[in-house]
1. Just need a number here: residues in region 16-26 that are assigned to a helix (DSSP H, G or I) and either farther than 15 Å from I4 by Cβ or more than 18 Å from the chain's Cα centre (by Cα) (or both).
2. For region 27-38, which residues satisfy the criterion of being among the hydrophobic types (A, V, I, L, M, F, W, C) and closer than 17 Å to T5 by Cβ?
3. Output the residues belonging to region 1-15 that are assigned to a loop (DSSP other than H, G, I, E, B) and surrounded by 11 or more Cβ atoms within 10 Å (Cβ to Cβ).
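The numbers here are math on the coordinates, done by the rules we state, and not lab data. As the structure is a prediction and not an experimental result, all values here were calculated from the model. All Cβ positions, even for glycine, are placed from backbone atoms using ideal geometry, and neighbour counts span all protein chains on display.
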Amino acid sequence: MTPITISLTDEQAERLECLARQAGVAASEIASAGLQDWLSRPREDFAVAAKYVLEKNKELYRRLA
């Protein structure tokens with residue numbers, strides 16, 4: 001894995017530490033899990049564009065089926 005460094009405000013760092021204590025894990029684990037979750041989600045703009053294209057070409061796809 002590649003380590004990265006991020007800057008947080010004092011409030012963000014406190015919140016992260018609080019969440020980590022509540023979960024019983026290191027703050028870095030909480031941050032890593034959150035980032036991994038965010039990166040694994042499909043981008044919203046792609047979903048919107050795909051929906052538009054599918055709707056726009058709905059009749060064509062029906063005829064080709």
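1. In the first step, residues of region 16-26 are kept if they are assigned to a helix (DSSP H, G or I); the result is 16-23.
Keeping just the survivors that are either farther than 15 Å from I4 by Cβ or more than 18 Å from the chain's Cα centre (by Cα) (or both) gives 17-23.
Residues in region 16-26 being assigned to a helix (DSSP H, G or I) and either farther than 15 Å from I4 by Cβ or more than 18 Å from the chain's Cα centre (by Cα) (or both): 7 in total.
2. In the first step, residues of region 27-38 are kept if they are among the hydrophobic types (A, V, I, L, M, F, W, C); the result is 27, 30-31, 33, 35, 38.
Those that are among the hydrophobic types (A, V, I, L, M, F, W, C) and closer than 17 Å to T5 by Cβ: A27, I30, A31, L35.
3. Pass one, region 1-15, residues assigned to a loop (DSSP other than H, G, I, E, B): 1-9.
Listed by number, the list holds a single entry, L8.
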